[in-house]
Amino acid sequence: QMMSQAEGQQRDLIRSIECLPVSGHLTSLDQDLLMLKATSMATMNCLNDCFHILQLQHASQQKGSLPAGTTISWLEPKISLANHFKNGAAQNFPAEVNKPASVREEQSTAEPCQLTREPEEINPDEELEDICDNKEDDLGAVEEQRSVILHLLSQLKLGMDLTRVVLPTFILEKRSLLEMYADFMSHPDLFIAITNGTTPEERMIRFVEYYLTSFHEGRKGAIAKKPYNPIIGETFHCSWRIPKSDVATEAGSNFSAHSPSEQVTLSKDTEGQTELDYYTVKFVAEQVSHHPPVSGFYAECAERKMCVNAHVWTKSKFLGMSIGVTMIGEGLLSLLEHGEEYTFSLPCAYARSILTVPWVELGGKVNINCVKTGYSASINFHTKPFYGGKLHRVTGEVKQNTTNTVVCRVQGEWNSVLEFTYSNGETKYVDLTKLSVTRKRVRPLEKQGPFESRKLWQHVTESLRDGDIDKATEHKRALEERQRNEERLRTETETPWCTKYFLKEGDGWVYHKPLWKTVCAAQTQQTDIN
């Protein structure tokens, strides 16, 4: 009875707020009233969940145990989220004839599975050094759109899965999630240096060093903006060229720190080098599933016989004044010269202070393990405590499992300075802000296919770059609407989705032509010839 009374009072409160005029001294969009609306809604949803749990507990006490298969979990939201929002308000788009030609083109592009799904071999020589620099340093938009965020929050509940919620366009980064995974590879010299380690211990330590330096460049800027959700069938290709002289060969990785002018010179020199003077690292990513949203990505350096394959399911949840993203999946690094495989996971990411200036922090424990050598690493990304404490703190250790001996410890901040202490007593400091970044190489837009990330999202990116949020929203909606229509058609015709580069194996996704298969096939062929 008390719950029913509270729900009635809460409905009256929302009705009173929504009946206020849209202009004047006190309006329905007043930020304090929107905050009151959002918090009252979240409170009632939490109380309903607690009441439901108490009912289950009471029923279990009556019967002695819960019924088989019963689970206690967050309930589905009582408010329909079927409407898609244009910056928080219901969208009323102009008639089809009034839409820009680029929007009509996005909506009418053929069903992806009807296009050729044969894997395309990308020639690295067609790729040019990336000159695109989409800095995410605009703080004003978040503050200006605070009422929009409050309106959106009033529709959500704590613990709710945000996978199917369309978020406002102004919070988007100007790149796809698939390209963000590529940006984690921005230190390919450290990646290649892993296989140069002379002992299993050194190779594991080098992998940990590379792993911890990858997140700083993967996150563009201090603001917690969200990359585009990849469309199913979307792909991203790029490569890096690394002068062989830049790759550490001796014990203890050589963390270089070129100045910007030195780096530009290095890039120009790289363009004119012969094939023997540099290594090439190739990267491909594909969105292999829409529900759940799963991405597969693969990178290889064929000359050094090493590759990495990973699949990631991004699962977002609303946590009140923050949003949590769990990276479900696993990666596998293969060093074929040594016959070693390293499995690893990824930390969770959190967007904090979403009502003011949102910022990103990483959290959770990740593990790196090599079964063959018996070495493993445990890394903790620490979230900031409510009171005190440092931001972006990370700690970890590498140990030999057989003897349980710690051979390396690491501490510091994943976006600033890391301190590595080795078993021989030596200490090394790595300043990530001074670490040289190798620009990726990408094919020009005119040579990209219609489902390659930059070509697919080009109109959204251009509109965001021009500051035209309404136009960006319209282009984004056209892509999302097309994806929903295609998914509906596949469901009606019972047509399975055909991936292009990745194959389902067990619970994971594996690149269709990984280096470990091609090297093995080449060795078998050579044996047959002999």
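The values are calculated or read from the model by the stated rules, or taken from the named source; none is laboratory data. Only a predicted model underlies this, so the values are computations on that prediction, with no experimental measurement involved. Ideal geometry is used to build each Cβ from the backbone, glycine not excepted, and the neighbour counts take in all protein chains shown. When the accessible area is computed, the model is the full protein with side chains, heavy atoms only, and any ligands, DNA or RNA have been set aside. Shrake-Rupley method; radii C 1.70, N 1.55, O 1.52, S 1.80 Å.
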Provide a single number: the residues in region 303-326 that are closer than 20 Å to T235 by Cβ and among the hydrophobic types (A, V, I, L, M, F, W, C). 5
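Under the condition of being in a strand (DSSP E or B) and open to solvent by 50 Å² or more (accessible area, probe 1.4 Å), which residue from region 328-343 is modelled with the highest pLDDT?
Within region 328-343, the first condition is being in a strand (DSSP E or B), and the residues that meet it are 328-335, 340-343.
From what is left, the residues that are open to solvent by 50 Å² or more (accessible area, probe 1.4 Å) are 328, 330, 341.
Values: I328: 91, E330: 93, E341: 97.
So, considering only residues that are in a strand (DSSP E or B) and open to solvent by 50 Å² or more (accessible area, probe 1.4 Å), the one modelled with the highest pLDDT is E341.
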Checking the condition under 16 Å from the mean Cα position of the chain (by Cα) and surrounded by 15 or more Cβ atoms within 10 Å (Cβ to Cβ), which residue from V398, V325 passes? V325
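Which residue, of E426, E413, E462, is of a type in the set (D, E) and within 27 Å of I122 (Cα to Cα)? Reasoning before the result, please.
Details: E426 fails: within 27 Å of I122 (Cα to Cα); E413 fails: within 27 Å of I122 (Cα to Cα).
Every option except E462 fails the conditions.
Could you tell me whether region 357-364 includes any residue that is within 30 Å of N45 (Cα to Cα), in a loop (DSSP other than H, G, I, E, B) and more than 12 Å from the chain's Cα centre (by Cα)? If you could, list the steps in order and put the result at the bottom.
Quick first cut of region 357-364, residues within 30 Å of N45 (Cα to Cα) only: 357-364.
Subset that is in a loop (DSSP other than H, G, I, E, B): 357-358.
Those left that are additionally more than 12 Å from the chain's Cα centre (by Cα): 357-358.
Within region 357-364, one or more residues are within 30 Å of N45 (Cα to Cα), in a loop (DSSP other than H, G, I, E, B) and more than 12 Å from the chain's Cα centre (by Cα).
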Residue identified as in a strand (DSSP E or B), under 30 Å from L335 (Cβ atoms) and either open to solvent by 20 Å² or more (accessible area, probe 1.4 Å) or among the aliphatic types (A, V, I, L, M) (or both) among K372, K428: K428
Quick one: in region 60-85, which of the residues that are in a helix (DSSP H, G or I) and open to solvent by 40 Å² or more (accessible area, probe 1.4 Å) is modelled with the highest pLDDT? Q61
Taking the options R465, R393, R409, R441, name whichever one is open to solvent by 10 Å² or more (accessible area, probe 1.4 Å), farther than 29 Å from T373 by Cβ and modelled with pLDDT of 90 or more. R441
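Here is a yes/no grid of residues against (1) touching a His at 6+ places or on another chain (Cβ under 8 Å); (2) small (G, A, S); (3) open to solvent by less than 10 Å² (accessible area, probe 1.4 Å); (4) closer than 25 Å to I231 by Cα:
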residue	(1), (2), (3), (4)
M321	no, no, no, no
S345	no, yes, no, yes
C348	no, no, no, yes
R352	no, no, no, no
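Checking the structure you have, find out if any residue of region 218-239 is assigned to a helix (DSSP H, G or I), touching a Phe, Trp or Tyr at 6+ places or on another chain (Cβ under 6 Å) and at pLDDT 60 or above.
First pass over region 218-239, keeping only residues assigned to a helix (DSSP H, G or I): 218.
Now narrow it down to the ones that are touching a Phe, Trp or Tyr at 6+ places or on another chain (Cβ under 6 Å): 218.
If we keep only those that are at pLDDT 60 or above too, we end up with 218.
Yes: one or more hits.
Specify which of the listed residues (L34, L29) is outside any helix (DSSP H, G or I) and in contact (Cβ under 8 Å) with a residue 40 or more places away in the chain. Full working, then the answer.
Numbers: L34 fails: outside any helix (DSSP H, G or I).
Unique residue meeting the criteria: L29.
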